Amino acid sequence: MYSAIMKIFLLTFIALQGFSQVQTVRIIMPEDAGIVMKNAGRILAAQITGRTDVKIVKDASAQFTIELAKEQTKDPESYHIADKTKTHVKISAAEDAAVLYGVGRFLRTSRYDKNGFTPGTWRGTSAPKGKVRGMYFATHFGNFYEAAPIEEVQKYVEDMALWGINHLVIHFATWQYTSFYDAEAQKALTRSRQIMGIAKACGMKVGLLQVPNQGFKFTKNEWLNTPVPDDLRRRGHLGVNLDPSNEQAKLLLKENWAYLLDQFRDMGIDLAVFWPYDEGGCGCDQCWPWGARGYPVLCKELAAITQEKSPGVNIILSTWMYDTPPAGEWEGLSKFLNQDKIWLNYIMADAHEDFPRYPLDKGVPGGLPLLNFPEISMWGQWPWGGYGANPLTNRFQRLWNQTNNKVSGGFPYSEGIYEDMNKVICAQLYWEGSRQTSDIVKEYIAYEYSPDVVNELSRVIEILEANHNRKQIKATAIEAFDLVQRAEQKLSAQTLKSWRWRILYLRALIDREIYEHNGKLEGEVIKAAFNELTEIYYAQKAFNMSVKPPVIK
Ligand SMILES: [Zn+2]
């Protein structure tokens, strides 16, 4: 009798569980699906099967159906998620890329457990506030973007599309090569085309971020620039910045720019970002102040070449490190653009620390839309990412608040995958600027780890940020690692193996080790942790120590 009751109870329990949790999923796509829509379906399937043992089936025997559809909406970038039946959800948008954003939202509200997949229950419409939700991959130094297998970079770009990223720019580091014919340069160009192709297949706009006056290694000495004032030693100089007031040097810069654009002619460049310092700049009396004279003049000429080769391209002018030290650069740029701004679409501003005051207080030069450039990668730790995840939740809330709803989006500066959480914070602030970064982090934890560990890991991430400075790691490092170990008990086998879990786990472990060894990087535990991070980043051959975790002999 007892066992019969137990059996009924158990069956009811399983049935109730089965109501929400499913083992088979069907994905329906429009018959005329293009490449981006097809990708959305493939990415959706891969996310579910990568996180659970759920099977994707093709017929109506599936316990749950997810339909992707194209439907006209007021905002082409908005998505709509609605129930068709109790076991059939439809994710629709006017643009294929927006279907991908909707897929991301649906996936993030779903659960992934040992016994199956629990489809997300969020229903409604969401439209992005920021139109330029970009990301900048600094492709240099042998970092992840240069060194990881292209399949991993592809997966990573797709992950970002799920969070609403719609622009990707990359960099061709001329100073690393002797010329375009350098075998390494050709390799880099091939890689850049691959990454851009991947981004386009996610519906992203793609472009280059370049220093307009940078040349190749061994450029003639007489063409080189006059160094710029650099009191803070943050304007960077890799030795091959040219002086565009020298006609031959300028001709070479224009030829190189045209040649570079031709390497992307097949796919078409959607945007070009010009960069003033670190790298860049010339301090000669013809160019200085660079940000007000030599730089905008040269950028305007390169913009004309760009427009000729990629009609309709958007040009973005960065003002990084303007007026540090003060030289009238902001004011001068405003005057320059008051005369002529037809060649330019956006002004980009940001800094290592606080957001620059000029565009906020005096207005954006040319009255153009403003983009930011959050420094998510390097701030306050060296080597960058060398200690694992570097979440900076409060910092990005503070910096975002400074911009006071005046930015239309931006391009976070990324050196690798360790700042994944910071990327997501920026992507979601671009989507909806009124969100709190701590709330975005909770959404990240629930999706990438588990809804069951949101409390523990929110606290861990708070502690990691408080202990960000490597010289000031406090006793809370012990609490953080304890919490990480407690969370570990609740995570699925798939999550425990994921790099996103490992970089968080290792950061907590490394901080505890540093604390317990009074600030010293020593012992087998920390050595193994650094080695594992090196493997996760594919940084074994990184040729700049900044992008490689510390090596302990
Ligand atoms: Zn000059």
Interchain or sequence-distant (5+) residues whose placed amide H lies within less than 5 Å of the amide H of residue 209 are 170, 171, 172, 273
Under 11 Å from the Cβ of residue 289, count the other residues' Cβ atoms, weight Lys and Arg +1, Asp and Glu -1, and hand me the total. -3
Shape of segment 286-329, Cα gyration tensor, a/c cut at 1.5: oblate
Multiply the residue separation of residue 335 and residue 354 by 0.36 nm, subtract the distance between their alpha-carbon atoms, and state the gained length in nm to one decimal. 4.4 nm
At R0 = 45 Å, how high is the FRET efficiency between residue 186 and residue 486 if r is their beta carbon distance? Nearest 0.05 is fine. 0.35
12 Å Cα-Cα reach of residue 217 towards aspartates and glutamates, excluding residues that sit fewer than 8 places from it in its own chain: 182
With R₀ set to 56 angstrom, the calculated FRET efficiency between the beta-carbons of residue 86 and residue 465, to the nearest 0.05, is 0.85
The chain, dipole about Cα centre (Lys/Arg Cβ +1, Asp/Glu Cβ -1), debye to the nearest 20: 1200
FRET efficiency (residue 265, residue 342; Cβ distance; R0 22 Å; to 0.05) is 0.35
About its Cα centre, what dipole magnitude does segment 12-126 give when the only charges are +1 on Lys and Arg Cβ and -1 on Asp and Glu Cβ, stated in debye to the nearest 20? 380
Give me 462, 31 ranked fewest to most by other Cβ atoms within 10 Å of their Cβ, as a rough exposure proxy. 31, 462
Cut-off under 13 Å on the C-alpha distance; same-chain residues fewer than 8 positions from residue 220 excluded. Which aspartates and glutamates are left, in chain and number order? 243
For residue 217 and residue 59, compute 0.36 nm times the residue count separating them, minus their Cα-Cα distance, and round to one decimal in nm. 51.0 nm
Provide the net charge surrounding residue 431, with neighbours chosen by a C-beta distance below 13 Å and charges set as Lys +1, Arg +1, Asp -1, Glu -1. +2
If you add up the charges near residue 387, with Lys and Arg at +1 and Asp and Glu at -1, over every other residue whose beta carbon is less than 9 angstrom from its beta carbon, what do you get? +1
Could you work out the helix-only [θ] at 222 nm for the chain, with each DSSP H run of four or more residues adding -39,500 (n - 2.57) and the total divided by the number of residues, to the nearest 500 deg cm²/dmol? -13000 deg cm²/dmol
Using a 10 Å cut-off around each Cβ, can you sort 99, 313, 153, 169 from fewest to most neighbouring Cβ atoms? 313, 153, 169, 99
Ranked 453, 441, criterion: other C-beta atoms within 10 Å, fewest first: 453, 441
23 Å Cα-Cα threshold exceeded, pairs from 131/254; 497/548; 70/205; 55/200; 55/86; 200/250: 131/254; 55/200; 200/250
Under 15 Å from a label point 7 Å along Cα→Cβ of residue 479: give me every residue in segment 435-466 with its amide N that close. 455-466
Counting only DSSP beta bridges with both partners in the chain, the antiparallel fraction in percent, to the nearest 5, comes to 25
Using the Cα centre of the chain as origin and beta-carbon charges of +1 (Lys, Arg) and -1 (Asp, Glu), tell me which of 458, 117, 297 is placed farthest towards the positive end of the dipole. 117
Got a sec? Charge dipole of the chain, +1 on Cβ for Lys and Arg, -1 for Asp and Glu; which of 342, 530, 374 is way out at the positive end? 530
Can you list, by residue number, the Cys in the chain that have no neighbouring cysteine C-beta under 4.7 Å? 202, 284, 299, 426
Note: residue 286 to residue 397 extended length (0.36 nm per residue) minus current alpha-carbon separation gives 35.9 nm
Which links in 84/442; 90/423; 155/527; 74/129; 155/490 stretch past 18 Å when you go from one Cα to the other? 84/442; 90/423; 155/527; 155/490
Two pseudo-spin positions, 7 Å from Cα along C-beta at residue 362 and at residue 74, lie apart in nanometres by 3.8
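None of the figures in this text is laboratory data; all of them are computed from the coordinates on show. These numbers were taken from a predicted model, which means no experiment stands behind them. In this analysis, Cβ positions are derived from the backbone assuming ideal geometry, glycine residues included, and neighbour counts consider all displayed protein chains.
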